[in-house]
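Below: the structure, in structure tokens.
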Amino acid sequence: MTTDTSPRAIARFLNLVERVGNKLPDPAIIFLFALMIIWVLSWIMSGVDLTAVDPRTGEALVINNQLTGSALATFLSTMVTTFTSFAPLGVVLVAMMGVGVAEHSGYINTGIKLMLKRTPKALLTPTIILVAIVSHTATDAGYVLVIPLAGVIYFAMGRHPLVGIAAAFAGVSGGFSANFIPSGIDPLLQSFTQSAAQIIQPEMAVNPLNNWFFTSVSSVFIILVGWYITDKIIEPRLKDTEVDGETDDLPAFDEISSTEKKSFYLATLVMVVGLALLALISWPVDSALRYEGSLTNFRSPLMQSIVPLIFLLFWIPGAIYGFTAGTFKTSKDMIDAMTKAMNGMAYYLVMIFFCALFVRAFGQSNLGALLAIEGAEILKTLALPSGVTIVGIIFLTAFVNLFVGSASGKWALLAPIFVPMLMQLGISPDLTQAAYRVGDSSSNIITPLMPYFPLVVVYCQRYVKGTGVGTLIAMMLPYSLAFLVGWSIFLLGYWALGIPLGLQSSYGYPAG
């Protein structure tokens with residue numbers, strides 16, 4: 001008996017996933033339903049005598065009923081502060097305001113064009129993937145700029161444009177958790193991880209760059225694997241696919257004015273000088289940016305300033321570029337750019353409101369602690385190697401990602417379960433978060449539920465009119481499988497070598 005593994009069969013399966021996934025409520029409503037479930041479960045479980053011991057107190061764990069009069073009164077009276085004090089909220093909004101200035105001034109766009117323009121043909125694929133990875137720093141810039149531009153560049157160089165789109169999509173979305181440069185996603189995920197870890201250890205602090213070393217080295221892995229798949233599998237497969245779209249009106253990718261170049265170089269010079277000054281100020285042992293002589297300690301002012309620094313590293317060069325290139329005429333234009341960035345965060349604000357309420361109820365009820373303790377006991381009974389447990393987290397996350405696309409939304413739901421549970425098994429929050437990031441990225445490029453997936457289909461249809469969802473899934477499936485399997489092995493090897501995952505990170509809990 002043979003199994004049909006043709007692209008058409010895979011497309012049929014994923015189209016079924018799409019139909020089922022479309023029946024799921026919006027993530028914000030999922031959080032609302034989850035909140036109600038927590039309330040009901042806390043009411044039911046509050047009368048049960050548990051044998052589990054609370055690791056925070058050393059006493060028997062007690063489930064707190066969230067439907068008592070006093071609990072509901074506290075819920076209502078603290079609803080606003082629960083939302084406004086939720087860790088991910090300020091992190092994302094502050095970082096995005098700075099990125100918004102750099103993006104809407106044209107600074108990021110010009111930088112990407114200059115990088116791609118000067119690339120030798122033989123190194124085109126790895127450079128496209130590299131630029132796609134770096135574009136994560138500017139949130140959606142990769143989807144709206146790098147992917148379509150990659151198609152233009154490949155077509156202009158005599159190669160199939162869909163190959164360029166596939167390579168860029170693999171880097172932007174499949175390699176979402178790989179980046180040399182820290183971005184807003186790092187402190188965003190860290191904040192969820194820290195909140196989850198505090199279920200077990202209330203005073204625990206997780207460094208915002210706890211996965212930075214791993215994600216940086218992962219960039220090399222994604223580039224090499226993506227390069228091989230693009231040139232050896234995708235391009236040969238597409239060589240006979242006719243380009244029958246309208247290509248006469250394609251924009252010239254090399255049209256960068258001298259003013260834009262000068263403005264970009266000036267803004268970049270200012271940014272480099274600023275980084276040099278930061279390094280100079282941080283260098284002395286008694287620097288105000290150190291904590292007890294350490295720069296990497298989570299309590300050091302430098303580490304506490306990661307998000308403001310991300311803001312400044314984009315806001316300053318973005319503003320300089322905007323005013324020198326003429327895209328900003330007045331200060332209001334710069335404020336409008338920040339406003340546009342915030343407009344794009346409107347849905348996030350709604351989602352995070354319900355998320356904050358859910359996370360608080362989950363923690364207050366002690367259901368999270370119970371799930372962690374009992375889940376850890378089951379895993380201990382199974383006596384699975386730690387490596388098998390980590391791979392299970394990766395594959396489970398990749399599967400869930402087919403239905404719930406938001407990286408922060410999924411981690412908000414999964415972190416309170418995964419992190420405490422694995423802490424009970426001696427696995428650090430840093431390693432658990434790294435495993436989540438691998439699984440979250442790997443299946444991005446094959447799920448039609450990812451918001452930008454239909455947009456990429458449209459990009460492809462510009463060159464090949466018959467492109468559909470199945471076409472794109474079949475084209476991206478080799479990347480997804482290679483990333484999922486290869487990246488999992490890569491993480492296990494990285495762990496075996498004992499290379500630090502990031503700043504102030506560890507593999508075990510408690511940290512040795």
Spot the failing condition for residue 305; the list is (1) modelled with pLDDT under 85; (2) over 20 Å from residue 267 (Cα atoms); (3) surrounded by 19 or more Cβ atoms within 10 Å (Cβ to Cβ), and only one is missed. (3)
Selection over region 414-426 where residues are surrounded by fewer than 24 Cβ atoms within 10 Å (Cβ to Cβ) and touching a Phe, Trp or Tyr at 6+ places or on another chain (Cβ under 8 Å) yields a count of 2
Only one of (1) more than 24 Å from the chain's Cα centre (by Cα); (2) farther than 24 Å from residue 337 by Cα; (3) among the aliphatic types (A, V, I, L, M) is not met by residue 271, so which one is it? (2)
Can you name the residue in region 459-472 that is closer than 19 Å to residue 444 by Cβ and part of a helix (DSSP H, G or I) and, of all such residues, is modelled with the highest pLDDT? 460
Give all pairs with beta carbons closer than 7 Å in which a residue from region 215-241 that is charged (D, E, K, R) meets a residue that is assigned to a helix (DSSP H, G or I) and buried (at least 17 other Cβ atoms within 10 Å of the Cβ); count only pairs at least 6 apart in sequence or on separate chains. 231/125; 235/163
Say whether the condition of being at pLDDT 75 or above, farther than 28 Å from residue 209 by Cβ and in a helix (DSSP H, G or I) is met by at least one residue in region 142-149. yes
Mind checking whether some residue in region 161-169 is outside any helix (DSSP H, G or I) and modelled with pLDDT of 75 or more? no
For region 473-502, how many residues meet the condition of being buried (at least 21 other Cβ atoms within 10 Å of the Cβ), assigned to a loop (DSSP other than H, G, I, E, B) and of a type in the set (A, V, I, L, M)? 1
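The values are calculated or read from the model by the stated rules, or taken from the named source; none is laboratory data. In this text the structure is predicted, and so the values were computed from the model without any measurement. Cβ: placed from backbone, ideal geometry, glycine included. Neighbour counts: every protein chain shown.
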